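Below is one structure; the comments refer to it alone.
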Amino acid sequence: MLDRSVAAAALAAIALGAVSTTASAQSNPALGALIGGSVGALIGHSVNGANGADVGGVIGAVTGAGIAAQSGSAYVAPAPAYYAPPPVYYAPPPAYVAPVPVYYPPAVT
């Protein structure tokens, strides 16, 4: 039983390595469903025979289609935005004008 699991995992790795994901699976849900369904069927068959292959194929197809539909738009960098700095307004300093001292000569009596 372990030999089948190892063989299925090796076959799945070879199948995924043979398909160029950057060129062909980008935004192609049908190809993602095909690859996901075949890998899921291989893994499901190694776990529970024919019934496992059916369930694994369906789950793999749905998962593969979902991943392929999402690929390419996972991260989009925001456009750089350069804003002018806000204007700075300072209140004028308080103006205090002291009166000029006035000296009176002493009174002559």
Margin query: Could you list, ordered by first residue, the pairs with Cβ atoms under 7 Å in which the first is in the range 41-54 and among the β-branched types (Val, Ile, Thr) and the second is open to solvent by less than 30 Å² (accessible area, probe 1.4 Å) and in a helix (DSSP H, G or I), at least 6 apart or interchain?
Written below: 43/8; 43/12; 43/56
Item checked: Conditions (1) small (Gly, Ala, Ser); (2) within 19 Å of residue 3 (Cα to Cα); (3) at pLDDT 85 or above: number failed by residue 50 -> (3)
Check: in contact with a helix residue (DSSP H, G or I) (Cβ under 7 Å, 6 or more places away or on another chain), part of a helix (DSSP H, G or I) and modelled with pLDDT under 65: does that describe residue 15?
Finding: yes
Check: Can you name every residue in the range 51-99 that is part of a helix (DSSP H, G or I) and open to solvent by less than 70 Å² (accessible area, probe 1.4 Å)?
Finding: 52, 53, 56, 57, 60, 61, 64, 65, 66, 68, 69
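The values are calculated or read from the model by the stated rules, or taken from the named source; none is laboratory data. Predicted, not measured: the structure shown is a model, and the values here were computed from it. Here the Cβ is made from the backbone with ideal geometry for all residues, glycine too, and neighbour counts use every protein chain on show. With ligands, DNA and RNA removed, areas are computed over all heavy atoms of the protein, side chains included. Shrake-Rupley method; radii C 1.70, N 1.55, O 1.52, S 1.80 Å.
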